[in-house]
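The structure under discussion appears below in the form of structure tokens.
We did not get these values from a lab; they are worked out from the coordinates using the rules stated. In this text the structure is predicted, and so the values were computed from the model without any measurement. In this analysis, Cβ positions are derived from the backbone assuming ideal geometry, glycine residues included, and neighbour counts consider all displayed protein chains.
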Amino acid sequence: MDLKENCTYVMHNLKVLKNNGQYRVCDHQFKLVFIGVTVVRECVLENIPFRKYRFAGFADIVAGQFEPGLLVDVIGVVEEVVFRQVSGKGRRVVFKLKDLSQQLLSCTLWDDYCLQFLKFLDDYEGDGPITVLLTHGRIKEAQGSCLPSVNNSFKASKLIINKPVMEIQEFNERLAELGIEARSGFKSHSEGCTQLSGSIQLSSKESFFGKAEAKTIADINTISKDGDVDLNASPQALDKLLGYELAFKIKVQPKFRNYAILKCSADSSLINVVMDMLVDAEQSLSVTAGHDPLLGLPLTPTKRHTFQDYDDEAGTSQILPPQLSSNK
């Protein structure tokens, strides 16, 4: 609590450790750690320069030329707001930044950083570009077809938007000198952006599959250990899905005798791809149905609706823990 930015100090009795943590603010091989006997004394030292930003090039990040775990500073102009979610847990906004080389980079802001960014958009009445400076950003490595991206690192990052700081002013001047076009207007909160609600997020083929492989229910059952199954126990959220044909991406956990649902999609083209990936899918499904213990149980007929008609409990963004369902 004694440390303040832009002040200088003399410190004694610090412990020296290797700088190999998960999040590193600089590339020095060692770091200083405060311990119980550390002494801190404020002292005016005029020869120590102020912090200088070291902005990472977007092209280097996209090409994978970065040091994993090393936090970076980024600056760019907002090109497009792709996604926003402000209800429930995990509030986030995803947008594209463009740097002076006109390279685009996906940026995700979470929680308070998300709200700060969206508040600026809602209040912004100017007609110029929106320049964002993010300090101590965490680079997320590429996954499948998804390129590397950057997001804020917990509470350590600073988000500066269109503030009269030297770095933003210099960036905007270079933007004008190079003749780079920048978006100057964005749609309101209720237009053009998607807000997820409910427990199921539709996804593209690439993001749905990832490294998963297709298996029939019969194949999945051979993975799990023996154990009793309560046929009367069912999450209430699943009651809403009766009568639908869906593709599920799951994580098999034999040790705990359960399966975690990672993603779900009602996209018919994606479902067809899953079916094509299964060897002798129809035969396998018929065999599974012949041994389905639920076939002899009466089910209450359900009215068919479009998949988009259903939302999970308000304010949630993931499937709730299992609850007992008395009728199915």
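Some notes on this structure:
- Other residues within the sphere of radius under 10 Å centred on the Cβ of N19, judged by their own Cβ, net out at +2 (K and R +1, D and E -1).
- Loop-located trypsin sites (Lys or Arg not before Pro) in region 240-279 (DSSP state other than H, G, I, E, B) with a sparse environment of at most 14 neighbouring Cβ atoms within 10 Å: R257.
- Checking the Cα-Cα distances for K89/K263; K18/K89; K18/K163; K15/K89; K155/K249; K96/K251 against a 29 Å cut-off, the pairs over it are K18/K89; K18/K163; K15/K89; K155/K249; K96/K251.
- Anisotropy class of region 58-178 from Cα gyration tensor, a/c 1.5 cut: oblate
- For region 112-189, the spherically averaged projection of the C-alpha convex hull amounts to 6.8 nm².
- Cβ charges +1 (Lys, Arg) and -1 (Asp, Glu), total dipole of region 1-149, debye: 640 debye
- Formal net charge of residues neighbouring L105 (Cβ-Cβ distance under 12 Å; K, R +1; D, E -1): -1
- Gain upon complete extension [K155, I220; 0.36 nm per residue less C-alpha separation]: 19.3 nm
- Cα→Cβ-extended label distance, 7 Å offset, between R257 and M1, nm: 5.1 nm
- Whether region 1-49 is rounded, prolate or oblate, judged on the alpha carbon gyration tensor where a/c under 1.5 counts as rounded: oblate
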